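Below is one structure, written out as structure tokens; the observations come after it.
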Amino acid sequence: MRKLITAGLLAVILLFIYDFFFKEFPSPLIVQSSETSQSTYHGKLQLLNVKYDLQAHKIKTDIRLELGATNNAPINSVSFSPIERGNKQGRSWLLSAAQDCKMETFDRSEGGSKPVSVATFDCPDLMLTDRVSAQEIWYPFDSYEMPIYPRACVNNSGGACTGKDNTAIDAFEAIVADQNFVGVLDNNKSTPGGYTLTLSRKFFVRMVCVIFLVFSLIFLIYLVTAGDVKDLLPKSLGFFATLWGLRNLIVPSSITVFPTIVDYCILTIFCLLFLLVFMKLYPRSQP
Amino acid sequence: MKLVATMCFLFVAVSIALAQTSAGIVQTGTGASASASPAQKKSQSQPGATDGLKSKLPAENQDDPGTFRTQKMGRKAGSGKGLEGAIQNAVKSDEFTLQSGKEYKLGTTVNWPDDTRKDRIAIDYQVGSIDKKPAFVTVMVESKDAPKMAEDAEKLFGGKLSGPVHAEGLQTTMSACTGSRVCVETEKVGDRDVCVRWKCISKQVM
């Protein structure tokens, strides 16, 4: 028994070390397109300041699109749509012409070559969503997936890209600003040119939840099997107070959804405690 | 037995306390939502992949098409005058209603042409502005007739429309679109993108 407890505690310490060195300092989320395009304009898309909006229950981000011409083609206007929605593959378009976003253009010359037109296209505080709010019930095991399928057009007088796109987005970068989440960025294999950004809670929070659950169950068994019957009620009260304290520690006040899986676990443990205490105090043989 | 009763009471009390605490949290969240910007409210009320994005774009509101009255028009070959006239008639004969506090929409949906084929698509077209808010008319057209360029849209739907109109029971004045139209929303029909929303922008930002 002693060896088992020692091994368990050592495993927990190792998990803490693993989390600190391998999970708390995530690498940048950058994906480069493997396809080579013959488009006149090439761009890099950045999702800056990605965070989970607690009030809207949606993902909020600033978007920056950097565009450059391959030749001396000018950049007068930009139409951009980051995501596709619904069965009809509809899109809402962000237009520099309609002042949805701020566009700046300038010329850039690299290595003494002929200057080319470059434009930056900034759209602050955009909400991206995939109907994720119901998943908060699984806190801290909730995660939020956003399929992003960007399209852009340059110098399209009609506004949206209704013809063939003349702009290729070659690189995609996401910077997660929400300290409670870690992000994973991948190419969307089912949609060429599409990406998937997944936000999930930090490993530490999930790990601590599991550890607390295991410790609580162990203590529950100990309380019922090894404890004195006379002291059972005060000890049970203390145990429940501890569970309540752990709940407040694990679930921050910013999580507005109730109940979460943590609440279910705590109430289930308390029910188990009550059941076991009842069975111990009133065994079957007793009239 | 007292112990059991105590435990029962404790369980019930703690459950109630837990529920009340969380209800308070939820209420706090709701209050915060209520104070959010109109754009945020809108994005919350319309589930969909681009809800929040829409809040950044010009207002849009797809009401249930079944609630619209419709006005049918025959096609006049080779000219957009027929549809333009139908839109003008619809604007004169019906009234605009404010949608989500951000835009006006005409109660009548204009059908063009008047036969009912399945490959029709609803296009929202901004005809002007009422109280500095965009005023839209919904036109049902065959998807192959949907305009691709701003010039085509203005040619088909009409360029300028102004004067007295009815908005929510009151007579008011609609200002004409002084700039040009741009497409702000598309849908896929077959393998091509069709613009389903044309908005007026001022010439200053073109």
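The values are calculated or read from the model by the stated rules, or taken from the named source; none is laboratory data. Fair warning: this is a prediction, and the values are worked out from it, not measured in the lab. Note that we place each Cβ from the backbone using ideal geometry, even for glycine, and neighbour counts take in every protein chain shown. Remember, those area values only see protein heavy atoms, side chains included, never the ligands or the DNA or RNA. Shrake-Rupley method; radii C 1.70, N 1.55, O 1.52, S 1.80 Å.
Here are some notes:
- Simple spin-label estimate for A:Phe278 and A:Asn71 in nanometres, 7 Å along Cα-Cβ: 8.2 nm
- Here's how it looks for B:Met174: its modeled amide H is under 5 Å from those of B:Gly163, B:Val165, which are all 5 or more places away or on a different chain.
- Residue-wise HN-Hα coupling along the range B:137-147, computed from phi with Karplus coefficients 6.51, -1.76, 1.60 (Hz; x: Gly, Pro): 10, 9, 10, 8, 10, 5, 4, 6, 8, 5, x
- Relative contact order (percent, whole number), the range A:145-230, Cα cutoff 8 Å, 6+ residue spacing: 27 percent
- Backbone HN-Hα couplings from phi across the range B:186-193 [Karplus 6.51/-1.76/1.60, Hz, Gly and Pro as x]: 10, 9, 8, 10, x, 10, 10, 8
- A Förster distance of 45 Å, applied to the separation of the beta-carbon atoms of B:Glu151 and A:Ala171, puts the FRET efficiency at 0.80.
- Note on A:Phe25/A:Asn248: beta-carbon distance plugged into 1/(1 + (r/R0)^6) with R0 of 45 Å gives a FRET efficiency of 0.95.
- Virtual spin-label span in nm between A:Thr268 and A:Gln32, 7 Å along Cα→Cβ: 4.7 nm
- Cα shape, the range A:49-176, gyration tensor, a/c 1.5 rule: prolate
- In the range A:1-102, the trypsin sites (Lys or Arg not before Pro) that fall in loop regions by DSSP, at most 14 other Cβ within 10 Å: A:Lys88
- Across the range A:182-239, the relative contact order, built from alpha-carbon pairs under 8 Å that are at least six residues apart, equals 21 percent.
- A:His42, B:His166, ranked by accessible area, largest first (probe 1.4 Å): B:His166, A:His42
- Between the helical axis of A:2-18 and the longest alpha-carbon principal axis of chain A there is an angle of about 20 degrees.
- Legend: calculated FRET efficiency, A:Asn187 to A:Ser109, from the Cβ-Cβ distance at R0 = 45 Å, rounded to 0.05, equals 0.90.
- Note, ³J(HN,Hα) from phi for the range A:19-30, Karplus 6.51, -1.76, 1.60, rounded to Hz, x at Gly and Pro: 4, 5, 8, 10, 10, 7, 10, x, 7, x, 9, 9
- Loop GluC sites (Glu not before Pro), the range A:36-130 (other Cβ atoms within 10 Å of the site Cβ: 16 or fewer; DSSP): A:Glu110
- Filtered GluC sites (Glu not before Pro), the range B:106-206: DSSP coil and at most 12 other beta carbons within 10 Å: B:Glu168
- Amide H to amide H distances under 5 Å link A:Lys58 with A:Asp53, where only residues 5 or more positions off or on other chains count and H is placed in the peptide plane.
- Just checking the listed ones, A:Leu246, A:Leu276, A:Leu65: in the Gaussian network model of chain A with Cα springs under 10 Å, the one fluctuating most is A:Leu276.
- Cut-off under 5 Å, modelled amide H: who pairs with B:Asp193 long-range: none
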